[in-house]
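For reference, the structure discussed in these notes is given below.
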Amino acid sequence: MSEPTVELFDVYEEDRKTRRQAKAVRRKQHKIHKQRVRASRRTEIEPMPSPTWGSGGQNRPQSLRGAVRLKVRGIPTTTHTAATAYPYVAGPSLGPGGIYLGYDLNGGGAFCFDPWDLYKRGIISGMAMLLFGQVGTGKSSLAKSFACRQVKAGRKLSVASDKKGEWTPVVHALGGEVIQVGPGLSTRLNPLDPGTRPSVNPRGEPMREDEWEMIVRTRRMATLETLVKILINRDLSPAEHSVVAKGLHDGVRARAQYEQAVVIPDVINQLWDQKHKAQDQLIIDAAMEMAMTLQRVTSGDLAGMFDGETSVNFDADAPAVSVDTSALRGASPDAIRVVNACAGAWTEAMVTTSDGGQRVVVYEEGWDNISSEADLQRMMESWKMARAYGIFNILVLHKIADLDMAGDKGSRMTAMAKSLSADADVKVIYRQDQSALKITLEELDLSSLERSILKSLDDGVGLWRLGQSSFQIKNELTNAEKPLFDTDERMGIKSGEEGA
Ligand SMILES: Nc1ncnc2c1ncn2[C@@H]1O[C@H](COP(=O)(O)OP(=O)(O)OP(=O)(O)O)[C@@H](O)[C@H]1O
Ligand SMILES: [Mg+2]
């Protein structure tokens with residue numbers, strides 16, 4: 001015989017009807033118990049002991065005896081207040097928009113990141129990321145996983161100057177193009193190339209011919225100034241500025257008849273020409289000094305790299321392109337700076353167009369890029385332009401103090417480096433050593449919680465600062481990505497090949 005069952009609870013009702021029903025239930029239960037006792041006497045089985053308390057437990061308020069006494073009322077409140085009341089339960093979230101990068105160690109949820117979407121939503125206003133961290137903590141892996149996944153989603157990637165050549169297998173795997181520049185290599189880039197002409201200007205209006213000419217002139221002049229400043233390690237005097245501008249103008253005119261882009265040797269020739277023709281000693285001296293300075297770019301260990309027409313075809317539609325400068329390892333610091341400036345200027349000229357869609361531009365091992373004022377200035381200006389053209393820049397550094405390396409405390413260069421940092425609304429900080437940590441804490445104005453997190457971050461885990469919000473994110477690599485990003489293994493393979 002199946003036993004009768006009863007429904008017991010209705011926690012939200014407290015009216016008399018509910019109480020009557022509960023009483024009836026108790027009566028029924030009592031009856032069932034008596035029937036059981038009688039049945040057990042008939043079969044001489046030891047009866048079950050009587051319950052000490054009635055149904056619902058001891059009859060006292062603390063036991064919430066009788067479900068009908070339990071009142072559950074919601075408290076209307078805002079999510080802001082609720083977050084304050086429970087501050088340690090979970091961190092904020094960016095929402096599901098964007099591409100998966102890993103998981104949030106505070107909230108446990110997936111961390112998706114799409115700078116273009118965040119810009120549209122007003123969460124960030126500067127389209128750049130600064131990525132700091134000790135050696136081997138996973139900075140490059142984060143930049144690579146972000147870039148690869150963006151390319152898979154239809155965006156493009158440019159690596160301005162890949163000093164270790166570690167992006168080469170990544171760019172190949174994405175079906176992109178690698179341009180290798182270095183002493184003895186056949187590839188030549190012309191840093192004075194006009195670049196890709198966008199169909200619209202930064203205001204979204206059709207680009208006029210005179211506007212485009214102005215942009216190209218400004219860009220070429222900035223590149224020449226950068227090179228000269230790197231080589232003479234000071235600002236140009238007004239006379240020097242004037243002779244370089246005239247040299248560029250005359251060089252462009254001389255090349256125009258062949259419908260070719262001006263190259264650095266053209267500017268040098270025009271500078272010698274000025275030196276011979278000028279009457280004023282100031283101009284003669286300035287022209288001579290500038291010509292001799294620029295000759296450095298076309299001679300010695302730099303010869304053949306930036307002194308002629310570009311020998312590769314830049315495919316603006318390629319999903320990824322990188323300038324691999326790893327062959328330059330061991331070159332003089334000046335040569336490395338010149339290469340960075342030229343490769344950076346060339347890449348920026350090629351990618352600064354809204355027609356090519358959205359693009360990620362990576363400056364790997366970026367401390368070289370910011371150690372010269374001219375390069376820094378060029379980068380700052382290009383970053384400002386990039387925003388209008390849908391570009392997201394990533395600058396990878398070891399520590400925030402690398403920005404201070406730009407110049408003396410309080411100098412113009414340090415101020416520019418700080419402005420670069422201020423422009424980057426996304427800052428990702430990987431584990432820092434003790435000395436770097438102190439400066440990081442001072443510069444970035446981190447909260448005490450963030451400070452304590454920073455000291456003990458595991459490899460592959462970064463503290464992300466997006467505007468005023470911060471997240472602790474473990475970057476997850478897929479099985480396909482791991483061997484591709486494994487820098488140690490790759491270096492082993494490469495050295496094996498070199499030795500062969
Ligand atoms: N999130 C991760 N999951 C698994 N392995 C990782 C992760 N991040 C990095 N690694 C591994 O750690 C090693 C070092 O990573 P990576 O080259 O990205 O470090 P880095 O900070 O860029 O170093 P460096 O300062 O020398 O450039 C690589 O072999 C990489 O595969
Ligand atoms: Mg790296």
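Residues that are open to solvent by 30 Å² or more (accessible area, probe 1.4 Å), within 16 Å of ligand 1 (Cβ to nearest atom) and either of a type outside the set (Ser, Thr, Tyr) or without any contact (Cβ under 8 Å) to a residue 60 or more places away in the chain (or both): does the stretch 172-179 have at least one? Taking every residue of the stretch 172-179 in turn, at least one turns out to be open to solvent by 30 Å² or more (accessible area, probe 1.4 Å), within 16 Å of ligand 1 (Cβ to nearest atom) and either of a type outside the set (Ser, Thr, Tyr) or without any contact (Cβ under 8 Å) to a residue 60 or more places away in the chain (or both). Yes or no: the stretch 267-274 includes at least one residue that is closer than 30 Å to ALA331 by Cα, outside the structural domain of ALA331 (by TED's automatic domain parsing) and out of contact with any Leu (no Cβ under 9 Å at 6 or more places or on another chain). Yes, that holds for at least one residue.
Of everything listed in (1) modelled with pLDDT under 75; (2) within 14 Å of ligand 1 (Cβ to nearest atom); (3) within 30 Å of ARG203 (Cβ to Cβ), the single unmet condition for LEU395 is (1). Of all residues in the stretch 200-216, exactly one satisfies the criterion of being open to solvent by 60 Å² or more (accessible area, probe 1.4 Å) and touching a strand residue (DSSP E or B) at 6+ places or on another chain (Cβ under 7 Å), namely PRO206.
With respect to LYS427, is the statement that it is at pLDDT below 80 and assigned by TED's automatic domain parsing to the domain that holds GLN358 true? For LYS427, the condition - at pLDDT below 80 and assigned by TED's automatic domain parsing to the domain that holds GLN358 - is not met. Checking the stretch 336-346 against the condition returns a match, with at least one residue being hydrophobic (A, V, I, L, M, F, W, C), at pLDDT 80 or above and surrounded by fewer than 24 Cβ atoms within 10 Å (Cβ to Cβ).
Under the condition of being farther than 29 Å from VAL338 by Cβ and basic (Lys, Arg), which residue from the stretch 166-221 is nearest to the chain's Cα centre (by Cα)? Applying the filter and picking the extreme gives ARG203. Would a scan of the stretch 151-161 turn up a residue that is closer than 13 Å to GLU364 by Cα, surrounded by fewer than 23 Cβ atoms within 10 Å (Cβ to Cβ) and in contact with a Phe, Trp or Tyr (Cβ under 6 Å, 6 or more places away or on another chain)? Among the residues of the stretch 151-161, not one is closer than 13 Å to GLU364 by Cα, surrounded by fewer than 23 Cβ atoms within 10 Å (Cβ to Cβ) and in contact with a Phe, Trp or Tyr (Cβ under 6 Å, 6 or more places away or on another chain), which makes the answer no.
Taking into account only those residues within the stretch 162-171 that are in a loop (DSSP other than H, G, I, E, B) and open to solvent by 10 Å² or more (accessible area, probe 1.4 Å), which is farthest from ligand 1 (Cβ to nearest atom)? For the stretch 162-171, the residue satisfying everything is LYS163. Is at least one residue of the stretch 63-80 at pLDDT below 80 and touching a Pro at 6+ places or on another chain (Cβ under 8 Å)? There is at least one residue in the stretch 63-80 that is at pLDDT below 80 and touching a Pro at 6+ places or on another chain (Cβ under 8 Å). Count of the stretch 441-463 residues, restricted to those that are in contact (Cβ under 8 Å) with a residue 40 or more places away in the chain, in contact with a Leu (Cβ under 9 Å, 6 or more places away or on another chain) and more than 17 Å from CYS148 (Cα to Cα), is 4. Every listed requirement among (1) touching a Ser or Thr at 6+ places or on another chain (Cβ under 9 Å); (2) open to solvent by 30 Å² or more (accessible area, probe 1.4 Å); (3) away from ligand 1 (no atom under 16 Å from the Cβ) is met by LEU189 save one, (2).
GLU240 passes every criterion in (1) assigned to a helix (DSSP H, G or I); (2) over 17 Å from ASP285 (Cα atoms); (3) not hydrophobic (A, V, I, L, M, F, W, C) apart from (2).
Annotation: of all residues in the stretch 118-152 being assigned to a loop (DSSP other than H, G, I, E, B) and aliphatic (A, V, I, L, M), the one that is nearest to ligand 2 (Cβ to nearest atom) is VAL135.
When ARG412, ARG378 are screened for being over 28 Å from LEU189 (Cα atoms) and at pLDDT below 75, only ARG412 passes. Contact annotation: residue pairs with Cβ atoms under 7 Å, 6 or more positions apart or on different chains, pairing a residue in the stretch 127-153 that is over 12 Å from LYS427 (Cα atoms) with a partner that is more than 14 Å from ligand 2 (Cβ to nearest atom) and charged (D, E, K, R), are GLN134/ASP433; SER145/GLU481; CYS148/GLU481.
The values are calculated or read from the model by the stated rules, or taken from the named source; none is laboratory data. Model, not experiment: these values are computed from the prediction. Counting neighbours? That spans all protein chains shown, and the Cβs are built from the backbone with ideal geometry, glycine included. The accessibility values were calculated without ligands, DNA or RNA, using every heavy atom of the protein model including side chains. Shrake-Rupley method; radii C 1.70, N 1.55, O 1.52, S 1.80 Å.
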